[in-house]
Amino acid sequence: MSHDLNKLREKIDTIDDEIVGLLSKRMEIVEKVGQYKKEMQLPPLDKKRLEEVLHTKKNKAKILGISESLVEKLFKVIHDHSVKLQKKV
């Protein structure tokens, strides 16, 4: 049974590595968005965009049968970090 648990944990570790890699790619794009907003004199925070993203991702979570609350919290954290990153550009 311990062997099965280790295999499952290895799968989780692989998925976690993929998530971190995707976050890295996302942040690279966030920096480009920040640069664009700076050049166009747009504020880093776009509340309407945040609402759209949260709505869309929560609907996706519902379709996939995972916690909408978890997805909302996760994307709020990602968005907060993204705004901070854009402010640094």
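The values are calculated or read from the model by the stated rules, or taken from the named source; none is laboratory data. For clarity, every value in this text was computed on a predicted model and none was experimentally measured. Cβ sites come from the backbone with ideal geometry, for glycine too, and all protein chains shown count toward neighbours. Just the protein is used for accessible areas: all its heavy atoms, side chains included, with ligands, DNA and RNA removed. Shrake-Rupley method; radii C 1.70, N 1.55, O 1.52, S 1.80 Å.
A few comments on the model shown:
- Among Leu42, Leu64, Leu50, the largest mean-square fluctuation in a Gaussian network model of the chain (Cα springs under 10 Å) belongs to Leu64.
- Per-residue Karplus couplings for the range 29-40, computed as 6.51 cos²θ - 1.76 cosθ + 1.60 with θ equal to phi - 60°, are listed in order as 6, 4, 4, 5, 4, x, 5, 4, 4, 5, 4, 8 Hz, Gly and Pro entered as x.
- Length added when fully stretched, Glu28-Leu85, from 0.36 nm per residue minus Cα-Cα: 19.5 nm
- Spatial extent of the chain: Rg and Dmax, with the Cα atoms as the point set, Å: 16.6, 58
- Remark: relative contact order (the chain) = 36 percent; criterion is Cα-Cα distance under 8 angstrom and separation of 6 or more residues.
- Entry comment: accessible area of the chain is 85 Å² per residue, from protein heavy atoms only and a probe of 1.4 Å.
- Heavy atoms of His81 accessible to a 1.4 Å probe, total area in Å² rounded to 10: 100
- Here the Karplus relation 6.51 cos²θ - 1.76 cosθ + 1.60, evaluated at θ = phi - 60°, turns the backbone of the range 5-16 into coupling constants of 5, 4, 4, 5, 5, 4, 5, 4, 4, 5, 5, 4 Hz, with x for every Gly and Pro.
- Karplus (6.51, -1.76, 1.60) ³J(HN,Hα), θ = phi - 60°, over the range 76-89, in Hz, Gly and Pro reported as x: 5, 5, 4, 5, 4, 5, 4, 5, 4, 5, 5, 5, 7, 5
- Cut-off 14 Å between beta-carbons: net charge of the residues surrounding Asp17, Lys and Arg +1, Asp and Glu -1: -1
- Accessible carbon and sulfur surface of the chain relative to its total accessible area, %, 1.4 Å: 58
- Legend: residue pairs Lys11/Lys37; Lys11/Lys48; Lys25/Lys58; Lys11/Lys47; Lys7/Lys47, Cα-Cα distance threshold 31 Å; pairs beyond threshold, Lys11/Lys37; Lys11/Lys48; Lys11/Lys47; Lys7/Lys47.
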